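The values are calculated or read from the model by the stated rules, or taken from the named source; none is laboratory data. Here the structure is a predicted model, which means the values were calculated and not measured. Neighbour counts are summed over all protein chains in view; Cβ atoms, including those assigned to glycine, are modelled from backbone coordinates with ideal geometry. These accessible areas exclude ligands, DNA and RNA; they are computed on the full protein's heavy atoms, side chains included. Shrake-Rupley method; radii C 1.70, N 1.55, O 1.52, S 1.80 Å.
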Amino acid sequence: MNEYLTISDALDGLRENEITATELVEKAIETGKSLDDELGIYIARYDEHAREAAAAADAVYAAGDEPGLLQGIPLGIKDIITTVEGETTAQSLVLDRSWGPAIGDAVVVQRMRDAGGVITGKTTTMEYAIGVPDWTKPFPIPRNPWNTEHWTGGSSSGTGNGVAAGAFLGGLGTDTGGSIRIPAAYCGISGIKATFGRVPKSGCVPLGYSLDHIGPMARSARDCAIMLQVLAGYDPSDACAVDAPVPDYLSGLTGDLTGLRVGVDTLAQHVGDDGDPATVAALQAAVSVLSELGATVTELALPYYAELNVATRVTSRSEAFAYHVPDFRSRWGDYFQSTRTGVGSAVAFTGADFVQAQRVRRVGQKAVAALFADVDVIVTPTASIGALSLEELGDLGGGWFRSMHTSYWNAVGNPALSVPMGFTAAALPLGMQIVTRPFDEATGLKVGEAYQRATRWHLAVPPLAGRYDVAVRDQGDLTDTAA
């Protein structure tokens with residue numbers, strides 16, 4: 001059995017009795033065990049719980065009952081989101097280990113469980129979803145399955161490399177400045193940050209109260225649509241949740257983009273010589289595909305690009321500092337160095353700085369809304385480079401942050417999907433970011449799914465799996481891993 005199935009293909013196989021949930025989960029467990037030490041996928045695995053849930057899913061299929069949207073699908077959960085199976089660590093020595101069990105399942109986890117999803121374990125992150133790995137702390141170092149000397153991206157690191165390596169078919173990440181979309185791009189999978197407030201985030205350790213999102217990560221845009229259908233919707237436990245109707249995300253996945261208006265910004269002007277030339281070429285090729293599918297394409301420039309990125313940084317660090325300041329006073333040495341540096345830098349911000357950042361965000365929201373008068377979708381690179389090496393990652397002053405193009409959309413709250421669009425010359429994945437109007441995730445998913453019908457980048461399997469020759473760039477030579 002192929003562990004690199006998409007969720008959609010696995011569900012078809014389950015409904016047709018071609019595979020069982022037990023087989024899917026046993027393969028996931030086997031893959032997790034064989035690759036976890038090398039890749040740093042998991043903080044904790046819940047093998048026996050997963051086997052029990054798989055057996056229950058098989059019973060639903062055997063009885064002929066209507067299965068849930070995720071019935072029998074193995075899923076990983078980022079370890080800042082609570083589950084009943086075990087404690088939540090936020091990959092930190094500081095977080096009170098009694099906090100997670102006192103909550104039980106986060107709303108999003110309970111929704112996936114109610115839909116038949118099988119929780120395989122808690123996946124690695126950066127400490128409190130900020131900073132970079134720290135070799136001095138007793139936690140796994142997440143590594144990129146395309147090249148283990150490179151990073152996965154963060155902070156939804158273990159969900160990103162776990163999906164790419166076949167340890168589970170989908171999973172949850174969180175996104176405050178790009179922590180779903182960057183690992184998705186770096187690991188060659190798909191991931192979506194929905195509109196702020198679309199998915200309830202109660203039961204999740206906060207980073208930036210006004211910026212945080214929980215969202216799905218999986219091989220394909222269609223898989224993300226299936227997961228988002230389960231996750232989206234109001235819950236009163238989250239003060240930021242928005243009570244708005246949730247559309248049928250799957251019904252719009254037709255493959256036809258006729259009449260769709262796409263605006264493109266390569267963002268190359270913001271990274272200069274620090275970008276990888278392959279990125280612009282890959283984006284141009286991807287946009288050509290969208291045009292062939294019926295879309296009309298125009299160039300545009302994102303307004304207040306630098307200002308909104310600064311606003312995200314000021315906001316996220318200030319809000320994080322508000323959360324962490326009590327523990328900073330008593331547990332400073334237990335934090336990762338990069339967490340101390342990142343969150344602690346907020347002491348240099350004043351209340352006026354924070355207020356001004358919120359004013360900039362509002363101005364930016366209005367300017368972005370004006371862009372959508374002329375386009376339906378905005379497309380950019382997710383990042384202008386492939387995955388950083390772990391050595392490069394240690395240079396916190398290296399300026400590589402400006403090559404990531406995600407935090408802009410956290411400032412304004414629009415939904416943003418990342419899908420694979422090719423590779424660098426060093427055989428590292430590249431991602432295309434697809435952005436739509438607030439609460440119009442359906443259009444972004446439609447564009448991503450149509451693009452993936454016409455291309456096969458999302459079906460590439462990393463070399464650890466032994467199924468893809470990374471020296472080959474021609475899509476026609478990619479092994480069809482969904483077969």
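When the C-alpha to C-alpha distance is required to be over 30 Å, the pairs from K366/K446; K137/K446; K122/K193 that qualify are K137/K446.
For a modelled paramagnetic label at N17, 7 Å from Cα along Cα-to-Cβ, the residues of region 49-93 in reach, with backbone nitrogen under 20 Å, are 54-68, 71-73. Between F196, V314, A450, whose Cα lies farthest towards the positive end of the dipole of the chain when Lys and Arg beta carbons carry +1 and Asp and Glu beta carbons carry -1, centred on the Cα centre? Projecting each Cα onto the dipole axis, the largest value belongs to V314. Each of L260, V375, T296 was placed along the dipole of region 240-383 (beta-carbon charges, centred on the mean Cα), and the one lying farthest toward the positive end is V375. Using the Cβ-Cβ distance between E48 and D256 with R0 set to 41 Å, the FRET efficiency from 1/(1 + (r/R0)^6) comes to roughly 0.35. Taking every DSSP bridge with both residues inside the chain, close to 65 percent are antiparallel.
Comparing L69, P101, V271 along the charge dipole axis of region 20-482, the residue lying farthest to the positive side is V271, per the Cβ-charge model. Net length available on complete extension from S288 to V242 is 13.0 nm, with 0.36 nm assigned per residue and the Cα-Cα distance removed.
Overall, the chain carries a charge dipole of about 1280 debye about its Cα centre when +1 sits on the Cβ of Lys and Arg and -1 on the Cβ of Asp and Glu, all other atoms neutral.
Taken along the Cα-to-beta-carbon direction at a fixed 7 Å, the label points for A370 and A59 span 6.0 nm.
Of the complete DSSP H runs in the chain, those spanning 18 angstrom or more by Cα along the long axis with a mean Kyte-Doolittle score not below -1.0 are 21-39, 47-63, 277-292, 305-331, 351-371, 441-454. The accessible surface of the chain, taken with every protein chain in place and a 1.4 Å probe, is 52 percent carbon and sulfur. If R0 is 41 Å, the Cβ-Cβ spacing of D96 and K33 corresponds to a FRET efficiency of close to 0.90. Per residue, the chain exposes 35 Å² of solvent-accessible protein surface, assessed with a 1.4 angstrom probe and all protein chains in place. Relative contact order of region 9-163, taken over Cα pairs closer than 8 Å and 6 or more residues apart, is 28 percent. For the chain, the longest stretch holding no GluC sites (Glu not before Pro) located in a DSSP loop with at most 15 other Cβ atoms within 10 Å is which? Formally, the longest exposed-site-free interval is 150-483. Summary of the geometry: region 246-321 and region 347-367, compared by the centres of their Cα atoms, lie 23 Å apart.
For Rg and Dmax of the Cα atoms in Å, the value calculated from this model appears in (1) 23.3, 72; (2) 24.5, 94; (3) 20.5, 62 under label (3).
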